[in-house]
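*Asks:* Dropping the structure in here first, questions after.
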Protein chains: 2
Amino acid sequence: MDAKAKHGKDYQEHIDALREVQSVAALRDAFATSLKNLGVSWFTYGGLRLPRTGRTDPVIITTYPDEWSRHYNENRYYETDAVVRSGFQNFLPFRWDTLPLRPKQKRIMSEASEFKIASGLSVPIHGPSGEFALLSVASEMPAADFERVLNESRHHIHVMSLYYHAMINDMFAPDQTVEAIELSPREAEVLSWTSEGKTAWEIGEILGISERTVVFHIENAKQKLGVFNKNQAVVKAIMLGLLKP
Amino acid sequence: MDAKAKHGKDYQEHIDALREVQSVAALRDAFATSLKNLGVSWFTYGGLRLPRTGRTDPVIITTYPDEWSRHYNENRYYETDAVVRSGFQNFLPFRWDTLPLRPKQKRIMSEASEFKIASGLSVPIHGPSGEFALLSVASEMPAADFERVLNESRHHIHVMSLYYHAMINDMFAPDQTVEAIELSPREAEVLSWTSEGKTAWEIGEILGISERTVVFHIENAKQKLGVFNKNQAVVKAIMLGLLKP
DNA sequence: CCGGGGACTGGCAGTTCTTACAGGCTCTCT
DNA sequence: AGAGAGCCTGTAAGAACTGCCAGTCCCCGG
């Protein structure tokens, strides 16, 4: 009873605590402490695609043993790691022991366990504009024990991870002077068809306007989006969530 | 004390209950019931872009008064509604009363309140491949009271919404026989540059290969992706998360 | 050792884009 | 009523893309 009540209370408070932290390092510590209370030893946050921050390289924050992190990076395991690949495609958090592994991936997992990293849960984080991050928590517990921890705390970890990501993303996206780009309905429509591979002439037929007018709208969209050709315009519009197919 | 414990228990159980439901209608009722327990009157789920299901039209599930739903759809309010637009760009759940409103949007809100829809929280749901849905919960309470409800249940509603979406998405995506498309490193590289608006010639310069070879890789990628031109190839590759810029 | 696949290169006809120029029509908000 | 925004249309030349032909080199697994 008491434990449940404490748990319920922690739930809100831990997240509220996260939201008040000011620095990346403090955020890391606060998160690690919360996880320790739940019985989880380590976590790793990988912000792999954070368009709002304008970075192309990933943001990695980890509490794993240094030696393992180094080994992992030196061997570019992130290119192969089943956890990362699953994160890209999944929506809900997943336990590592539920993943199907190819030989190379199995090897990575067993190397990890030499560093006592035995069980884990990863939270895929997808945001607008193709934003993507992955927050993994890991423990030295055997799978069965870890599962018991998760039954108690899975959703807690899930929500905390989402807020953690939001905080990191805000911290790395300095001046939010991103004045909202708005496409006119026609522009959005034309770009949307373009994204499906239609030519200007075809779109003209579809919308009952001349090819020339289609080109005109695309030009305007390119202007607004600040790009130099159709491809880029379509990609950027999608990234900004401006198209509705 | 007792309330807290009950709340903590509900938290897990409500979600587990959701996950066992078999039909869309039952899911709707289960979710509505959970929300009623929290003091929330209505909810609306809009699956606006569900690529896994192969649908282009949105999936809308609502418990709003029929009359309001009809009015909303007939007037295409979803094109203007501040809630929908914010959902596209936001990552975390947001209260409606925190949104900046333009005149038209203000009008929609006040029309809604004539149907007693006074306060609301919307949970943006972004998934892999540009998947997007929005789950809004609403109440007839004034803003201050509703905020109190949220302080207690915000995260609960958040997580439930994510699982709700996952369930809906699974139900509408029949047989997951989507054989994984894999691009060769070179193909991914070339498409990635293309998505940034580079021409084939420019990419050739960047990679130190001939323009012709760039075109060759793009052709192969188009084959693998089953599309007819560059635009479509880039868009599809992004949607499938095959590019890493 | 041979087949298959990936990376690479060339040419050429036809299609589509890009980017100039120039103009008109209809809304809404002030 | 006028300003601004959105929408619509035309011509034209050069750049870029598409689709189909052809071929070499290298590595990996059977």
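The values are calculated or read from the model by the stated rules, or taken from the named source; none is laboratory data. Remember, predicted model here, so these are calculated numbers, not experimental data. Here Cβ is always computed from backbone atoms with ideal geometry, including for glycine, and neighbour counts include all displayed protein chains. Note: areas computed on protein heavy atoms with side chains; ligands, DNA, RNA excluded. Shrake-Rupley method; radii C 1.70, N 1.55, O 1.52, S 1.80 Å.
*Asks:* Taking the range A:197-235 only, how many residues are of a type outside the set (A, V, I, L, M, F, W, C), facing chain B (nearest Cβ under 9 Å) and either closer than 20 Å to B:S86 by Cα or surrounded by fewer than 20 Cβ atoms within 10 Å (Cβ to Cβ) (or both)? Reasoning before the result, please.
*Replies:* Taking the range A:197-235 first, the residues of a type outside the set (A, V, I, L, M, F, W, C) are A:197-199, A:202, A:204-205, A:208, A:210-213, A:217, A:219-220, A:222-224, A:226, A:229-232.
Filter again for facing chain B (nearest Cβ under 9 Å), leaving A:197-199, A:229-232.
Those left that are additionally either closer than 20 Å to B:S86 by Cα or surrounded by fewer than 20 Cβ atoms within 10 Å (Cβ to Cβ) (or both): A:197, A:199, A:229, A:232.
Of the residues in the range A:197-235, 4 are of a type outside the set (A, V, I, L, M, F, W, C), facing chain B (nearest Cβ under 9 Å) and either closer than 20 Å to B:S86 by Cα or surrounded by fewer than 20 Cβ atoms within 10 Å (Cβ to Cβ) (or both).
*Asks:* Among the candidates A:A133, A:A118, single out the residue that is modelled with pLDDT of 90 or more and open to solvent by 40 Å² or more (accessible area, probe 1.4 Å).
*Replies:* Of the residues listed, the single one that is modelled with pLDDT of 90 or more and open to solvent by 40 Å² or more (accessible area, probe 1.4 Å) is A:A118.
*Asks:* Outside any loop (DSSP other than H, G, I, E, B), surrounded by fewer than 17 Cβ atoms within 10 Å (Cβ to Cβ) and away from DNA strand C (no atom under 14 Å from the Cβ): does that describe B:R148?
*Replies:* Answer is yes for this residue.
*Asks:* Looking at the range A:75-104, which of the residues that are more than 23 Å from B:A166 (Cα to Cα) and without any contact (Cβ under 8 Å) to a residue 24 or more places away in the chain is surrounded by the fewest Cβ atoms within 10 Å (Cβ to Cβ)?
*Replies:* To start, the set of residues in the range A:75-104 that are more than 23 Å from B:A166 (Cα to Cα) comprises A:75-81, A:101-104.
Then drop every residue that is not without any contact (Cβ under 8 Å) to a residue 24 or more places away in the chain, which leaves A:75-76, A:79, A:101-103.
Working: A:N75: 12, A:R76: 9, A:E79: 11, A:L101: 14, A:R102: 10, A:P103: 6.
Out of the qualifying residues, it is A:P103.
*Asks:* Within the range B:172-185, is even one residue over 30 Å from B:P93 (Cα atoms) and not in a loop (DSSP other than H, G, I, E, B)?
*Replies:* yes
*Asks:* Could you list, in sequence order, the residues of the range A:105-115 that are out of contact with any Ser or Thr (no Cβ under 8 Å at 6 or more places or on another chain) and in contact (Cβ under 8 Å) with a residue 24 or more places away in the chain?
*Replies:* A:M109, A:E111, A:A112, A:F115, listed by residue number.
*Asks:* Which one of B:S192, B:S153 is open to solvent by less than 10 Å² (accessible area, probe 1.4 Å), in contact (Cβ under 8 Å) with a residue 40 or more places away in the chain and either away from DNA strand C (no atom under 13 Å from the Cβ) or within 20 Å of A:K230 (Cα to Cα) (or both)?
*Replies:* One residue alone meets the criteria, B:S153.
*Asks:* Something else now. Please find, among B:H156, B:H126, the residue that is touching a Pro at 6+ places or on another chain (Cβ under 9 Å) and not β-branched (V, I, T).
*Replies:* B:H126
*Asks:* A further question follows. Tell me the helices (runs of 4 or more DSSP H) entirely within the range A:26-133 that contain at least 3 residues that are more than 14 Å from every other protein chain (Cβ to nearest Cβ). It would help to see each step written out before you state the result.
*Replies:* Details: elements: A:66-74, A:82-89, A:103-114.
Those helices (runs of 4 or more DSSP H) span A:66-74, A:103-114.
*Asks:* Examine the range B:164-175 for a residue that is within 12 Å of DNA strand D (Cβ to nearest atom) and open to solvent by less than 20 Å² (accessible area, probe 1.4 Å), and state whether such a residue exists.
*Replies:* Scanning the range B:164-175 turns up no residue that is within 12 Å of DNA strand D (Cβ to nearest atom) and open to solvent by less than 20 Å² (accessible area, probe 1.4 Å).
*Asks:* Something else about it: Within the range B:211-245, restricting attention to residues that are farther than 18 Å from B:P185 by Cβ and not in a helix (DSSP H, G or I), which residue is nearest to DNA strand D (Cβ to nearest atom)?
*Replies:* B:N229
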